[in-house]
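The values are calculated or read from the model by the stated rules, or taken from the named source; none is laboratory data. Every value quoted in this text rests on a predicted model; they were computed, and no experiment measured them. Methodologically, a virtual Cβ is constructed for each residue, glycine included, from the backbone with ideal geometry; neighbour enumeration extends over all protein chains shown. These area figures cover heavy atoms from the full protein model, side chains too; ligands, DNA and RNA do not enter into them. Shrake-Rupley method; radii C 1.70, N 1.55, O 1.52, S 1.80 Å.
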Amino acid sequence: DQQVKQNSPSLSVQEGRISILNCDYTNSMFDYFLWYKKYPAEGPTFLISISSIKDKNEDGRFTVFLNKSAKHLSLHIVPSQPGDSAVYFCAASERVGSKSTFGDGTTLTVKP
Amino acid sequence: NAGVTQTPKFQVLKTGQSMTLQCAQDMNHEYMSWYRQDPGMGLRLIHYSVGAGITDQGEVPNGYNVSRSTTEDFPLRLLSAAPSQTSVYFCASGRLGNLETQYFGPGTRLLVL
């Protein structure tokens, strides 16, 4: 049973518009959530995180929203830029500093 | 500061062959791990280590061995390669208590025929 799900394998957005990437989870013990970004032929890089005591965390153009009752989180990128085109992985862990479980990723394409 | 390095970048094996994927980090991180990524799927944890001499199994450990004799190195061994092990392998390291900022290597692409 997949505990972290990213139901949209791909997303295409026009430059300057908002990109919204979604992630659902089933394990109620998950307490800490992360987003990673991955370019082709490179390893993933950490993007932004949020703990369950918050419902929003912002870092520049990137904002993560957490709806714990719905077991849902989303990553908003605004404005989207062509350089944001990458695979985005959602990950969750049961506490800060513990191992993460990853979703399957969403490929974002930002068109100029 | 090289970060996390992995060798080789690409490898082709025949079924039944053995090989070792190398991983090294120069950040003095306690935690190191190996993931595999199959097409259209996320990263699945194979093995991890919280310090020299300590290793543990992740989500998909079968067919793989690891050892951690030094803080810097964490090799992954395939004793008898199978086509199901065709994948991209990522090594990562991080500080215990701050694993959300794991640093990943560039990956090793493995093809088992």
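All Cα-Cα distances of the protein assembly as shown, cut into 5 Å bins from zero to the largest, leave 1, 7, 15, 18, 18, 16, 12, 8, 3, 1, 0 percent in each bin in turn. For the protein assembly as shown, the share of accessible area belonging to carbon and sulfur comes to 50 percent (1.4 Å probe, ligands and nucleic acids excluded). Size estimate for chain A follows the Kirkwood approach: the inverse of mean 1/r over distinct Cα pairs works out to 13.9 Å. Candidate cross-link partners of A:Lys5 among the aspartates and glutamates, defined by an alpha-carbon separation under 18 Å and a same-chain spacing of 8 or more, comprise A:Asp24, A:Asp31, A:Glu94, A:Asp104, B:Asp38, B:Glu59. The charge dipole of chain B, taken about its Cα centre with unit charges on the Cβ of Lys, Arg, Asp and Glu (plus for the first two, minus for the last two), comes to roughly 380 debye. Charged side chains reduced to their Cβ positions (Lys and Arg at +1, Asp and Glu at -1) give the stretch A:25-112 a dipole of some 80 debye around its Cα centre. Interface B-A: total buried accessible area of about 1500 Å², 1.4 Å probe, protein heavy atoms only.
Note on the stretch A:7-86 and the stretch B:42-101: Cα centroid distance 25 Å, given to the nearest whole angstrom. Rolling a 1.4 Å probe over the heavy atoms of the protein chains gives chain B an accessible area of 45 Å² per residue. Computed on chain B, with alpha-carbon pairs under 8 angstrom and 6+ residues apart, the relative contact order is 36 percent. Taken over the stretch B:59-113, the ratio of Cα radius of gyration to 2.2 N^0.38 Å equals 1.28. Working note: Cα atoms of the stretch B:39-84, range along each principal axis, descending, whole Å: 32, 24, 15.
Dimensions of the stretch B:1-74 from C-alpha coordinates, computed as largest minus smallest value along each principal axis and given longest first, are 34, 26, 24 Å. Shape analysis of the stretch A:9-66 yields a ratio of the Cα radius of gyration to the Kirkwood radius, Rg/Rh, of 0.98. Candidates B:Tyr103, B:Leu78, B:Ser33 compared by Cα position along the dipole of chain B: farthest toward the positive end lies B:Leu78, with charges placed on Cβ.
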